[in-house]
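Here is the structure we will look at, set down as structure tokens.
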Amino acid sequence: MNNLADNKNGFIECYDIGGTNIRAAFIVEGKIEEPFINEKTEKNNVGSFVQQIKRVSSSLRKAHPEISINNIQAASLAFPGPVEGTRLLGSKPLEFDEEIDFSCLLGDYFNVPLIVGNDLNMASQGELALGQFKEIKNFCLVTISTGIGVGVIMNGSLYNRQTEIGHIVLETNPDLANPCLGHKGCWAAQASGVGIEKTVEKMGRKLTAEEIFEDPEYKEIVDKVKQYNAYGIGNLINAYDPEKIIIMGSLGLKQFNKIIPDPEIIKQYTLLNNIPEIVPTALGESIGLFGAYFSAKNFLEAD
Ligand SMILES: [Zn+2]
């Protein structure tokens with residue numbers, strides 16, 4: 001075990017990169033140093049994205065003159081997409097179709113160990129290490145935002161396969177099923193932010209998910225989303241028998257009461273009688289940053 005990872009002065013430069021925003025922060029001993037940075041992601045162009053990361057890093061470092069560059073132990077980046085080593089194998093939310101090796105593009109810039117990971121896998125490890133349920137060894141972390149994804153912790157470790165439970169098909173009625181990547185009617189296409197926007201668009205109206213949730217006219221659609229979540233969560237329970245289901249993602253956290261179904265409803269879709277407790281993550285919107293931090297700590301300790 002490398003005690004550098006517990007070094008009081010060792011900061012980890014963490015990035016939570018989403019389809020909408022990039023958050024960046026220095027984290028030390030499980031605490032985010034204020035201020036942190038939150039800005040719109042520059043998607044679709046790898047070159048300008050890499051420039052943005054360097055710019056964000058430089059702003060973050062300027063905002064923390066007390067942190068010397070020698071005290072930065074590692075840089076850790078959480079991406080919405082599959083990752084192998086330091087390579088992102090494309091990302092739908094970032095609109096990158098190609099494979100990108102960040103050790104080539106950012107290795108020299110950071111000049112410290114560079115950790116690249118899938119955001120949900122990283123967040124699951126963050127939740128396990130720093131969350132409110134340290135005693136729970138089996139849980140599902142469900143993110144509900146632009147898309148829907150599920151991270152799985154089994155027997156205290158990450159189920160590190162490229163499972164895509166967010167794409168299980170729940171709606172087969174062709175009039176109701178929204179298109180996704182080569183299929184239709186999956187959980188994400190029906191119940192994510194983008195999904196609900198698509199459903200309303202079919203009625204000839206263009207509204208953001210936030211507007212739809214605020215407008216009582218769309219209550220029926222919001223209730224239907226809750227129903228899709230009952231199917232989705234029921235399937236999760238059938239597949240993994242988790243002790244807890246933890247919700248993250250902007251939509252999941254902000255609209256928790258409107259879209260997370262009651263246990264009695266979910267029970268209709270499982271064979272198990274005990275429906276696990278479903279709770280929002282105590283790490284809130286910062287779970288992505290904590291995930292990047294904890295994954296970097298794991299990496300340094302294993303070194
Ligand atoms: Zn899908």
### Query
residue 61 to residue 103: extension gain in nm, 0.36 nm per residue of separation minus the Cα-Cα distance?
13.1 nm
#### Entry: Residues 112, 142, sorted so that the one with the fewest Cβ neighbours within 10 Å comes first
112, 142
### Task
Give me 154, 122, 248, 203 ranked fewest to most by other Cβ atoms within 10 Å of their Cβ, as a rough exposure proxy.
203, 154, 248, 122
### Summary
Restricting to Cα pairs under 8 Å and 6 or more apart, the percent relative contact order of segment 134-282 works out to 25 percent
### Query
Cβ under 11 Å from residue 197's Cβ, residue 197 left aside: what net charge do those residues give with Lys, Arg +1 and Asp, Glu -1?
+1
### Task
May I ask you to compute the full-extension gain from residue 51 to residue 227, defined as 0.36 nm times their residue separation minus their alpha-carbon distance, rounded to one decimal in nm?
59.1 nm
### Task
Return the FRET efficiency for the residue pair residue 271, residue 87: r is the Cβ-Cβ distance, R0 is 45 Å, and the value is rounded to the nearest 0.05.
0.65
### Task
Quick one: work out Rg over Rh on the C-alpha atoms of segment 50-152, Rh as Kirkwood radius.
1.01
## Note on the structure
Ranked on Cβ counts within 10 Å of their own Cβ, fewest leading, 208, 41 go 208, 41
### Residue-averaged 222 nm ellipticity for the chain, from DSSP H runs of 4+ at -39500 (n - 2.57), nearest 500
-11000 deg cm²/dmol
### Task
Run through all the Cα pairs of segment 134-282 and give the fraction in each 5 Å bin from 0, expressed as whole percent.
2, 10, 20, 23, 21, 13, 7, 3, 1, 0
### Query
Which pairs, out of 184/244; 40/226; 62/134, put more than 31 Å between their alpha-carbon atoms?
62/134
#### Entry: FRET efficiency, residue 135 to residue 37 (Cβ-Cβ, R0 35 Å, nearest 0.05)
0.55
### Task
Give me the compactness ratio for the chain, meaning the Cα radius of gyration over 2.2 N^0.38 Å.
1.01
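A short reminder: the numbers here are calculations on the coordinates, not readings from a lab. Here the structure is a predicted model, which means the values were calculated and not measured. FYI the Cβ positions are ideal-geometry reconstructions off the backbone, even for glycines, and counts take in every protein chain you see.
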